[in-house]
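Here's the structure, in structure tokens; my notes come after.
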Amino acid sequence: MIESYLPQASTFAGDIDWLFSMVFWIVGAWFLVCSGVFFWLVFKFRVPNGSQATAEYITGEEKSQKRWVTIPHLLVLFCDVFIIYGAVKVWYDVKQYLPPPDQEIQIIAQQWAWTFVHPGADQKFDTADDIHTVNELRLQEDAVYHYHLSSNDVMHDFSVPVFRLKQDAIPGRVITGWFTPTESGEFDIQCAEICGIGHGLMPARLVVEDAAAHTAWLAERSPVKLAAVTSPVVEN
Amino acid sequence: MSAGLSSGSNDGLEPIDRTAKRPVVANGILGMMLFILTEVMLFAGLVSAFTIAKSAAPVWPPPGQPRLPIEATAFNSVVLFASAVALLFAHRAFHKGDRESMRRPMWLALGLGSFFVIFQGFEWVTLLSEGLTMTSSTYGAFFYLIVGIHALHAFGAIALLARANHRLQQGWLTPGLFGAAEMFWFFVVGVWPVIYLVVYL
Amino acid sequence: MRLKSLRLKGFLILGLVGMALIWPDFAEACAVCGAAQDEATRKAFVGTTAFMTFLPLGMLFLVVGWYIRRTLQREEEEEQRSER
Amino acid sequence: MAESIPTQPSDPHADDHHHEEQSFVSKYLLSTDHKVIGMQYMFTGMAMALIGGFMAYAFRMQLAFPGVEVPLWGVVTPANYTALVTNHGAIMIFWVAMPVLIAAFGNYLIPLMVGCDDMVFPKINRLSYQIFLLSAIVLISSYFVDGGGFGGAWTTYPPLSAKAEYNLTPMGASIFIGAVGLEFVAFLLGGINFITTAMNARAPGMKLYDIPMVIWMIVIASILFMVSVGPLLAGAIMLLFDQQLGTAFYDPNRGGDPVLWQHLFWFFGHPEVYVVLLPAIGITAEIITVFSRKKLFAYRTVLNTAIGTGVLSFCVWAHHQFISGIDPRMAHVFTLTTLLISIPIAEMMFVYIATLYGGAIRLATPMLWALAFIFEFLIGGVTGIFLGASGADIYLHDTYFVLAHFHYTFFPIAIIGTFAGVTYWFPKMFGKMMSDRLGKIHFWGTIIPFNFIFIPLFFLGAGGQHRRIYDFQNFPALAGEGMQDLRILATTSLLVMLGFQLVFFYNFITSLMKGKAAGKNPWKANTLEWTAESPPPHGNWKELPTVYRGPYEYSVPGREKDYWPQDEPN
């Protein structure tokens, strides 16, 4: 379903879309059956307003009558099992399991901008060769990324619709997660948790590029040149 | 409206034949039970919040903050329990219909309860002078919040008990009022050990 | 509160909870869970979640259950009295 | 609680039941009569619904036509926008759905349907309304203080709500929290009254299983409310202290924890959904049985599902926090419970559909509303499954999909449920019939645009559009022509729907002035309120009724009439 709106640009995007479609078909079928029966009953047993027609006397307390409710209800339960299984599996893969990383980044949210930190050549954060960018995240295609998400002031939410990824940023905590971009291109990053009056003005761009282009960009932003183009990290 | 069929605002005392709709518990008591359900959850929320804050702190209680007076409060807790025991005696006398011998335990329960609140007040003054305030740390903030809300409930319960006692002196204390008042007081007493265990120890 | 239908539901719920427990991977492994202090907070959150969920349910089962049972009992008594 | 105690044992009605002539003030403003208080709640709720609807109009205009000057409001600034969506949400849930569905119908119906002359604690009841009115005034006043109304979403997550430097509304935030707190106290007092009255003041002969379903639902909802509100009150006090006294309960830099608020808030926030849902479901039960002349299918099953929903509603709340950094293992448990709650609710819907079978369905206006409730709520229910499934919620969380989903639950509950109840009980409340023709025009004029408002939002949400963003033109993926067209469609439908509400008010007022006299029982219904005069006098009945059977004995074979009122011996 969702893939017709947005490209699937991460490894787990397809799983989430699959889950969405599965739920859609199951509940869609239920909805059609229920509303079909509902409208059929309304039209079949409709009488004019002033009519003297009387109804049948059905208590619904007898077992043979209750069957009409209990059997669909067991079927709902049956369908629920599938949905629960799918949901738990997808959730586990996206949020709980952590594949070994190729790259790591820090994401720092604040009112109302995103700061992204690449560790630079030494692969360590908080060193001189860290590369800071504001409102632009450049990633390498097909690399497993770990992100460390934090916030400087209020709650934000790092949301990348094409990745189908969303995670709240909570002040005072660093939240770790992962993703693997699979499609190069330029996409939206949104803030999905209200963070004050500038909440609507917190767009960032995501650029996914192939390994060569990414390496070139990292080299260009390397600490030597960094001194010249000091990134405008907004201190709170 | 005929008295026999009137609904409602009775507390089950009138000698009218209402067997068809005699309530399981009197209105006042049922209302108080429901109110106490809410209050229990209020304290459950506070205690949960306190537990979470405590777990997040590397050292608890925070260094540099005065310690709570555990022994003095233990003594004060005993006073509070004594007041509940006195109220139990009053309860027994009331349900025997012996309003005369109910008076002394009522006064005792009221007196001990008031002593508890006043003693807490002194404790607060001491702690404040030692530098534990609401803004000095979450430790202090939670202490004053939880104990303060408990004290507010104690005030309310004492006021209700005093009202019941007043009615008793006037000679028309109803089971509804007495039941509601004693239930509220037992709630205030019953929730205290939980607070003592969680906040003080 | 007809126990019969509740029992059926109880079985189903138990079955589902059991199913959740069978997936040890999902239940145990937590790669994203962080440092020791985080772990304490995490435990506190889980603990208070359980506490706040079951406390009201327990109270309601006790208080409301008792009240409903008493009322139903009394209704039965009255029915018998009126039959006599 | 002091009011709960009768002042004199010999005269329990000393001060609340005099029947002599009363002045306007004591009759309408200071009355302890449950019917007057119910009306007060209803009209206050309707006034607040107008305010909430106007807010929706203002921000929907901004979304469809960004930057345009909105008639009657002006240009919607970002601060305006966040304040509007915040207060729209809070007003519609706390000041419209709750007062109308629980307080107005609860107050009006409980004594009439269980057969007593008034609430058991009439003065507490009056106090409840007064506090509620105060809370509404306090909330609206937040718009006129320095900094304007609070704009941090109705969920008021700290640290945004806790610090003025973040939310830029130093007074507005505190007033908002204060108003919500007052409102809870009002419903606490009301809830004590509803439960005690329904349990203790039933007419002779009315057994537990003879209580009409709507009363059961209001009672269960009140119990849910009372048990779930405590932690939120605790959290609100802490938040208020953070705002005004400088404590650090939610400040991560000083030892607090912002997630704590979500913990306490959603513990209340999710049961709250069922608190407003259950009364609407009960109202529907009354209406579909009367207008299809059928006994409610499996009364006890409905009751059990309501209890089951209530129990489960305490076990699902953390599903609002899937994305908020809780322990990921907890999400599994809450996915399980969330999907389990679909079972009692689905069963309830099945029961209602089964009730229609074999009926003689008369499509009068109240019945149309009740049927629309079932159908629209079905959509709301099935779309909830997407969000309860934790894996899919990673994508859908806080998108317009969520927004459309809960409007498909709350709109049937708050608006359709209210119109169903008002059109059904209008003859009892005012003694006049409403125009059926105008009622049907209003019905179709509301239902059709309603679907056109929110179905586009499902598509926008699936396309990745997030909530509470005042202008999507900043996001290239969302600024496209196709998406903007959907927004314009939704806004236009909203305007049409708001316009059709004028039909309702016209119908309401003209029916009040010169409607046909209703008589005691225009719908030929069984429940006790239809045995009283329309409108019922103070004290409801000259002689209180006695009950002989359950409320849904329609079309009983071998009887001359197709209904069998609860108070007729045979």
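The values are calculated or read from the model by the stated rules, or taken from the named source; none is laboratory data. On a predicted model such as this, the values are computed, not experimentally measured, just so you know. Glycine gets a Cβ as well: all are built from the backbone with ideal geometry, and neighbour counts include every protein chain shown.
The table that follows gives values for the structure above.
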| item | result |
| --- | --- |
| Matching residues, segment D:239-269, being over 20 Å from A:V174 (Cα atoms) and touching a residue at least 40 places away in the same chain (Cβ under 8 Å) | D:L239, D:L240, D:D242, D:Q243, D:Q244, D:F265, D:W266, D:F267, D:F268, D:G269 |
| Any hit, segment A:70-78, residues being over 30 Å from D:Y209 (Cβ atoms), in contact (Cβ under 8 Å) with a residue 60 or more places away in the chain and surrounded by fewer than 20 Cβ atoms within 10 Å (Cβ to Cβ) | no |
| Qualifying residues in segment A:23-46 (those that are of a type in the set (A, V, I, L, M) and within 9 Å of another protein chain (Cβ to nearest Cβ)) - the one surrounded by the fewest Cβ atoms within 10 Å (Cβ to Cβ) | A:V37 |
| Residue pairs meeting the criteria (Cβ under 6 Å; at least 6 apart or on separate chains; first free of Cβ contacts under 8 Å to residues at least 40 places away in the same chain and more than 14 Å from D:P231 (Cα to Cα), in segment C:43-61; second crowded, with 18+ Cβ neighbours inside 10 Å and of a type in the set (F, W, Y)) | C:L57/D:F314 |
| B:E123 closer than 30 Å to D:L240 by Cβ and under 23 Å from the mean Cα position of the chain (by Cα) | yes |
| Matching residues in segment D:90-135 - criterion: being of a type in the set (A, V, I, L, M), within 14 Å of another protein chain (Cβ to nearest Cβ) and part of a helix (DSSP H, G or I) | D:A90, D:I110, D:L112, D:M113, D:V114, D:I124, D:L127 |
| Scope segment A:180-211; condition surrounded by 21 or more Cβ atoms within 10 Å (Cβ to Cβ), within 10 Å of chain D (Cβ to nearest Cβ) and farther than 22 Å from D:G461 by Cβ; matching residues | A:G196, A:I197 |
| Which listed residue is within 17 Å of B:V194 (Cα to Cα) and either loosely packed, with under 13 Cβ neighbours inside 10 Å or of a type outside the set (S, T, Y) (or both), from B:V78, B:V85, B:V59 | B:V78 |
| D:G439 modelled with pLDDT of 90 or more, touching a helix residue (DSSP H, G or I) at 6+ places or on another chain (Cβ under 7 Å), within 20 Å of D:L50 (Cα to Cα) and within 14 Å of chain A (Cβ to nearest Cβ) | yes |
| Among residues of segment D:385-416, those that are more than 21 Å from D:P99 (Cβ to Cβ), more than 9 Å from chain A (Cβ to nearest Cβ) and crowded, with 23+ Cβ neighbours inside 10 Å, counted | 5 |
| Qualifying positions in segment B:174-188 - in contact with a helix residue (DSSP H, G or I) (Cβ under 7 Å, 6 or more places away or on another chain) and surrounded by fewer than 22 Cβ atoms within 10 Å (Cβ to Cβ) | B:M183, B:F186, B:F187 |
| Complete set of residues in segment D:425-465 that are polar (S, T, N, Q) and crowded, with 20+ Cβ neighbours inside 10 Å | D:T446, D:Q465 |
| Residues satisfying the stated conditions in segment D:521-551, i.e. among the basic types (K, R) and out of contact with any strand residue (DSSP E or B) (no Cβ under 6 Å at 6 or more places or on another chain) | D:K542, D:R549 |
| Which numbered condition D:P537 fails, given (1) surrounded by fewer than 19 Cβ atoms within 10 Å (Cβ to Cβ); (2) more than 13 Å from every other protein chain (Cβ to nearest Cβ); (3) within 28 Å of the chain's Cα centre (by Cα) | (2) |
| Set D:D398, D:D393: member being touching a Phe, Trp or Tyr at 6+ places or on another chain (Cβ under 6 Å), charged (D, E, K, R) and more than 22 Å from A:F38 (Cα to Cα) | D:D393 |
| Qualifying position, being farther than 30 Å from D:L160 by Cα, within 13 Å of chain D (Cβ to nearest Cβ) and touching a Leu at 6+ places or on another chain (Cβ under 7 Å), among A:I71, A:I84 | A:I84 |
| Per-region count, segment A:84-133, residues surrounded by 16 or more Cβ atoms within 10 Å (Cβ to Cβ), touching a Ser or Thr at 6+ places or on another chain (Cβ under 9 Å) and small (G, A, S) | 3 |
| Top-ranked residue in segment A:127-179 [being within 7 Å of chain D (Cβ to nearest Cβ), over 19 Å from the mean Cα position of the chain (by Cα) and among the charged types (D, E, K, R); ranked as farthest from D:I326 (Cα to Cα)] | A:D153 |
| Failed item in (1) part of a loop (DSSP other than H, G, I, E, B); (2) more than 10 Å from every other protein chain (Cβ to nearest Cβ), with D:Y506 passing the rest | (1) |
| Considering residues of segment D:328-383 that are of a type in the set (S, T, Y) and either free of Cβ contacts under 8 Å to residues at least 60 places away in the same chain or facing chain A (nearest Cβ under 7 Å) (or both) only, the residue farthest from D:F452 (Cα to Cα) | D:T337 |
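Let's see how each residue does on (1) within 14 Å of the chain's Cα centre (by Cα); (2) within 14 Å of chain D (Cβ to nearest Cβ); (3) closer than 29 Å to C:A40 by Cα:
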site	(1), (2), (3)
B:I36	yes, yes, no
B:L46	no, yes, yes
B:A53	no, yes, yes
B:F75	no, no, no
B:S114	yes, no, no
B:I118	no, no, no
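Per-residue answers, yes or no, for (1) closer than 30 Å to A:V23 by Cβ; (2) at the interface with another protein chain (Cβ under 9 Å from one of its Cβ atoms):
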{"residue": "A:P48", "(1), (2)": "no, yes"}
{"residue": "A:Q52", "(1), (2)": "no, yes"}
{"residue": "A:I58", "(1), (2)": "no, yes"}
{"residue": "A:V76", "(1), (2)": "yes, yes"}
{"residue": "A:D93", "(1), (2)": "yes, yes"}
{"residue": "A:L98", "(1), (2)": "yes, yes"}
{"residue": "A:Q110", "(1), (2)": "no, no"}
